[in-house]
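What follows draws every value from the coordinates through simple rules; no lab data is involved. Just so we're clear, the structure is a prediction, and the values are computed from it rather than from any experiment. Don't worry about glycine lacking a Cβ; one is built from the backbone with ideal geometry, like all the others, and counts go over all protein chains shown.
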Amino acid sequence: MKGGVAIAPLPRVVTFDCYGTLIDWDTGIQKILASILQGKKASVAVPEFHRRWEAIQFAMIQEAYRPYKEILRLSLAETLRVFGLPYHPKDGEQFASSMPTWTPFSDVASALRRIQKRCRIVIISNTDNDILQESMKQIGVPFHGTVTAEDARVYKPSPKIFQYALQVLGIGPQEVLHAAFGFQYDIIPAQGLGMRTVWINRRGESQPGPVAPDYTTRGLADLADLLGG
């Protein structure tokens, strides 16, 4: 937070990254990866496998657009190959089908209800529409809109998905506050388009680069406080 000063002027819309910001991405993905690796009696540590998968997945989403469920399957297959482990199509199905079951952080629902009293709330997410719809059921709070990579046919960190969101919402970047945990995926491209940003830094990590978000909070409750909700 900038000295605890409330956000002014209020944005017309607060846009949220979903996975890692609203949904507990790390817990969900490490749980399913642990299950897959255990089934193969693999000795590789889950965090190590996760880190390698993240890098492979990030490279894939910067290629020509394909559905995220396909990205999940292909990136898992490639990561298993890197570690010398066999891949079976059921592994990819298990991985992709688990994503809609991942649960939100404990502060999300109550904070979103407070925030939506002050601003419209919208999700901008690197996923498929059907996956996001199931995740929104997990969150349990209605949103004013969603924009997915499936809609925009491109993934963050491309600024094109943010530009597409602005067109859909019919607003300018100066009217938006974008909330996210990811610097490379969200904070950098959103700020590059002129949006205000808030870094949801739940773990108290050091800022990973020279681009500074407008605000930093430890969770969504702090963001709701800043918005006066």
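Odds and ends about this structure:
- Ellipsoid semi-axes in whole angstrom, largest first, where each is sqrt(5λ) of the Cα gyration tensor of segment 26-101: 18, 14, 12
- Qualifying GluC sites (Glu not before Pro) for segment 24-100 [loop in DSSP, other Cβ within 10 Å: at most 12]: 63
- With the convex hull drawn around the C-alpha atoms of segment 1-136, the volume per residue stands at 142 Å³.
- 5 angstrom amide H check on residue 145, placed H, neighbours 5+ away: 123
- For residue 24, distant residues with modelled amide H under 5 Å away: 103, 105
- P(r) weight above 21 Å for the chain, C-alpha pairs, percent: 55 percent
- Residues whose placed amide H lies under 5 Å from that of residue 216, excluding near-sequence neighbours: 2, 199
- Virtual spin-label span in nm between residue 110 and residue 97, 7 Å along Cα→Cβ: 3.5 nm
- Cβ-based charge dipole, the chain, positive-most Cα from 174, 72, 157: 174
- Normalised by the number of residues in segment 68-132, the mean separation of alpha-carbon contacts (under 8 Å, six or more apart) gives a relative contact order of 38 percent.
- Segment 1-74 and segment 109-130: distance between their alpha carbon centers, rounded to Å: 17 Å
- Whole-number percent relative contact order across segment 26-101, with pairs defined as alpha carbons under 8 Å at least 6 apart: 33 percent
- Calculated on alpha-carbon atoms, Rg and Dmax of segment 124-168 in Å: 10.6, 29
- Across the chain, the mean sequence separation of Cα contacts (distance under 8 Å, 6 or more residues apart), normalised by length, yields a relative contact order of 27 percent.
- Cα-based convex hull, segment 84-214, per residue volume (Å³, whole number): 149 Å³
- Backbone HN-Hα couplings from phi across segment 209-222 [Karplus 6.51/-1.76/1.60, Hz, Gly and Pro as x]: x, x, 6, 9, x, 5, 9, 9, 10, 8, x, 6, 4, 5
- Rounded to 5, percent antiparallel among DSSP beta bridges of the chain: 5 percent
- Here is how the number arises for the chain: DSSP H runs of 4 or more residues each give -39500 (n - 2.57), the sum is divided by the residue count, and the result at 222 nm is -13000 deg cm²/dmol.
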